[in-house]
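Note sheet for the following structure.
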């Protein structure tokens, strides 16, 4: 029994020592954690004071800024232009832009590519405007009529949409019939006169006071405004926004090729992995998207994106 008692007493003594050790360790753990929490609180307080200082806050987008995506159609309408247009419209939709503007100067091109572009524009929920900077002939006219609003520079023209072959000879009537149908349907979809639209294709369509007999129809900017195929005459993209009383906006463009000297100059540079963002003073901004590269737009120098 004494042996059993000695063993029992030994167990109690060991348990008591273990309990005291646990209490000591817990006390030290709480103290250590308390020190860590104090340091964390001090860091958070310091950070809050730092960010509250003038000019120290992280940049934030102004929710009232109108986001505008601009891309060019300034070459023959062909599969590469279709791919560029498709990518631009999908990018603008994905990134939730407020407005898309096409900067156009083209004499036309391939009918199938133009039809694909026309359809993509008609199916785009974001408003699509076109700025005709001198020429929107043939396929360019079809694409322009698909847009929600048309704006033209002084001296610009729209029309002459007869289908021709590579030698410039007029194609058989079945091709003209299909083009007339597309022009009519597109004009109707945008609330424009379908007869005027098909007169841009077929010289046999005569509209008194508007189109001459045996001549395909082409409008100047003033004529297009008069007959509802242009919303206004402007000289630059920004004029379109001013017509709509938009003064606070940000323009985004697909990035220019490396080495292209025609790069805008701004006042704030933020080169990142896939975007080069230039913020203009006065609430006007421009962004250039790229694939892993950017530009120092303020001075026109190339800059590497991290």
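The values are calculated or read from the model by the stated rules, or taken from the named source; none is laboratory data. All values reported here derive from a predicted model rather than from experimental measurement. With ideal geometry, Cβ positions are generated from the backbone for all residues, glycine too; neighbour counts draw on all protein chains shown.
Observations on the model:
- Residue within region 232-255 that is at pLDDT below 90 and in a loop (DSSP other than H, G, I, E, B) present: yes
- Residues of region 211-226 that turn out to be touching a strand residue (DSSP E or B) at 6+ places or on another chain (Cβ under 9 Å) and surrounded by fewer than 16 Cβ atoms within 10 Å (Cβ to Cβ), as a count: 2
- Only one entry of 207, 196 meets the criterion of being out of contact with any strand residue (DSSP E or B) (no Cβ under 8 Å at 6 or more places or on another chain), in contact (Cβ under 8 Å) with a residue 12 or more places away in the chain and assigned to a loop (DSSP other than H, G, I, E, B), and that entry is 207.
- The set of residues from region 202-234 being farther than 23 Å from residue 155 by Cβ and in contact with a helix residue (DSSP H, G or I) (Cβ under 6 Å, 6 or more places away or on another chain) comprises 202, 205, 207.
- Hits in region 107-134 - residues which are in contact with a strand residue (DSSP E or B) (Cβ under 9 Å, 6 or more places away or on another chain) and closer than 15 Å to residue 162 by Cα: 107, 108, 109, 110, 111, 114
- Residue within region 167-186 that is under 25 Å from the mean Cα position of the chain (by Cα), within 27 Å of residue 233 (Cα to Cα) and at pLDDT 95 or above present: yes
- Residue check, residue 153 within 18 Å of residue 201 (Cβ to Cβ), modelled with pLDDT of 95 or more and in contact with a strand residue (DSSP E or B) (Cβ under 8 Å, 6 or more places away or on another chain): no
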